[in-house]
Amino acid sequence: MKLVLDLHEIFNKGRDIERALNDIMAEAVAKKAPMIEIIPGKGSGALKKTVLRFLEQKEIKAMYHRVEKDSKNFGRLFVHFKHTKPGRK
């Protein structure tokens with residue numbers, strides 16, 4: 001299962017962007033999704049920088065394993081998760 005968040009619709013609404021990012025991160029953790037695809041789009045790169053800054057926050061960074069920038073599509077990021085199984089750390 002891969003979750004997808006396309007930010008094209010809300011690219012200029014700062015609070016909506018942060019809320020959408022928080023929601024998709026919480027959904028990924030709750031559903032134990034292995035990956036989220038975030039589509040900030042190509043544009044000037046400002047929205048992608050906003051997303052990367054969000055992902056670098058200490059409390060957010062603790063939720064995921066790594067971020068991958070799509071080498072073939074500048075307007076796409078992948079957030080990978082490693083969910084621990086019960087009884088394991």
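What follows draws every value from the coordinates through simple rules; no lab data is involved. These numbers come from a predicted model, not from an experiment. Here the Cβ positions follow ideal geometry from the backbone for every residue, glycine too, while neighbour counts run over all protein chains shown.
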Kindly rank 63-74, 48-59 from highest to lowest mean number of other beta carbons found within 10 Å of each residue. 48-59, 63-74
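Counting pairs of alpha carbon atoms under 8 Å apart in space and at least six apart in sequence, what relative contact order in percent does the chain give?
Details: 119 pairs, mean separation 27.0, N = 89.
Computed value for the chain: 30 percent relative contact order.
Using +1 on the beta carbon of Lys and Arg, -1 on that of Asp and Glu, and nothing else charged, what's the dipole of the chain about the Cα centre, debye to 20? List each step's numbers first, then the result.
On the way: 20 positive and 11 negative charges, 94 e Å.
Charge dipole, the chain, about its Cα centre: 460 debye, nearest 20.
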For M35, the net charge from surrounding residues (Cβ-Cβ under 13 Å; K, R +1; D, E -1) works out to +2
Would you compute, from DSSP H runs of 4+ residues alone, the mean residue ellipticity of the chain at 222 nm, taking -39500 (n - 2.57) per run and dividing by the full residue count, rounded to the nearest 500? -11000 deg cm²/dmol
Helix 46-56 versus the longest principal axis of the chain: what is the Cα-based angle in degrees, 0 to 90, to the nearest 10? 20
